[in-house]
Amino acid sequence: MANTIIGSSIVIDGEISGDEDLVIQGTVKGKISLKESLFVEASGVVEADIDTQNVEIAGRVTGNIAASDKVELKSDCRVVGDIKAPRILIADGASFKGNVDMDVKER
Amino acid sequence: MASEQINIIGKGITIRGSLSGGGDLVIEGHVEGQVALKNHLTIEQSGTVEADIKADELTINGEASGNIEANSRVAINNTAKVHGDVKAPRVVIEDGAVFNGSIEMDVKLPDDI
């Protein structure tokens, strides 16, 4: 279970970095760089460039996303920005606008 | 999870910038910048905060540097290291705590002084 929870009443404007899982239920603007997983829950609003290993988004994200492993857009999420990751999953019902780069070396 | 919201900034997390909002907050990691909270802020022993802090109530077990303002109470416990000015109606400093700075307990002076 993730250690760090940014609750729905919290607003952060700036830079978040670290090496453990992060759950966002509130609002974050700026930049997020993690070595582990980021979870943006349904109440979460993120206006930031994201650089992590895994991202799961059920809320709203505006910004470019780069993941070293996987990006998962759950249903009812709203994401605007470019995504770069080896594995990208988009669930039925998700809203997404932007480019997808799966970084496949062949071709 | 309890109905009362508790936010945790874990040990491996660093935040640079401003952090604001309601709900109780526990900082075990590192925060630089500004913290403005409507409820209770706890800085745990592993937590380091280099920020101007505003909160309703503040408990410090870790390290804090910056100006601190609380509406009700500031508790600087025996493991804490605090540098900065503290402004609150009630300030508690435990034996063993390290504190450098000024304390203003918000004593109301008559207007004609």
(message) Based on this model, can you work out whether A:Ile10 counts as within 12 Å of chain B (Cβ to nearest Cβ) and surrounded by 20 or more Cβ atoms within 10 Å (Cβ to Cβ)?
(response) yes
(request) Restricting attention to the range B:7-25, report how many residues are of a type in the set (Lys, Arg) and closer than 13 Å to B:Glu44 by Cα. (result) 1
(message) For the condition more than 28 Å from B:Gly22 (Cβ to Cβ) and β-branched (Val, Ile, Thr), what is the one hit in A:Ile90, A:Ile50, A:Ile57?
(response) A:Ile90
(request) Looking at (1) within 13 Å of chain B (Cβ to nearest Cβ); (2) basic (Lys, Arg); (3) closer than 24 Å to A:Ala94 by Cα, find the lone condition where A:Arg60 falls short. (result) (1)
(request) Hey, can you tell me all the residues within the range A:53-75 that are farther than 21 Å from B:Asn7 by Cα and either buried (at least 21 other Cβ atoms within 10 Å of the Cβ) or out of contact with any strand residue (DSSP E or B) (no Cβ under 8 Å at 6 or more places or on another chain) (or both)? (result) A:Ile65, A:Ala67, A:Val71, A:Leu73, A:Ser75
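Each row is one residue, and each column tells you yes or no for (1) of a type outside the set (D, E, K, R); (2) within 14 Å of chain B (Cβ to nearest Cβ); (3) surrounded by fewer than 18 Cβ atoms within 10 Å (Cβ to Cβ).
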site	(1), (2), (3)
A:Gly14	yes, yes, no
A:Gly18	yes, yes, no
A:Gln25	yes, yes, no
A:Ser37	yes, yes, no
A:Val46	yes, yes, no
A:Ile50	yes, no, no
A:Val79	yes, no, no
A:Leu89	yes, no, yes
(request) Kindly indicate whether any position in the range B:50-66 is touching a Ser or Thr at 6+ places or on another chain (Cβ under 8 Å), within 14 Å of another protein chain (Cβ to nearest Cβ) and over 30 Å from A:Lys35 (Cβ atoms). (result) yes
(request) Please verify whether the range A:41-48 includes one or more residues that are of a type in the set (Asp, Glu) and under 11 Å from the mean Cα position of the chain (by Cα). (result) yes
(request) Residue by residue through the range A:38-52, note down the ones that are assigned to a strand (DSSP E or B) and either in contact with a Gly (Cβ under 9 Å, 6 or more places away or on another chain) or modelled with pLDDT under 95 (or both). (result) A:Val40, A:Val45, A:Val46, A:Glu47, A:Ala48, A:Asp49, A:Ile50
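The values are calculated or read from the model by the stated rules, or taken from the named source; none is laboratory data. Since we're looking at a predicted model, the values are computed, not measured. Counting neighbours? That spans all protein chains shown, and the Cβs are built from the backbone with ideal geometry, glycine included.
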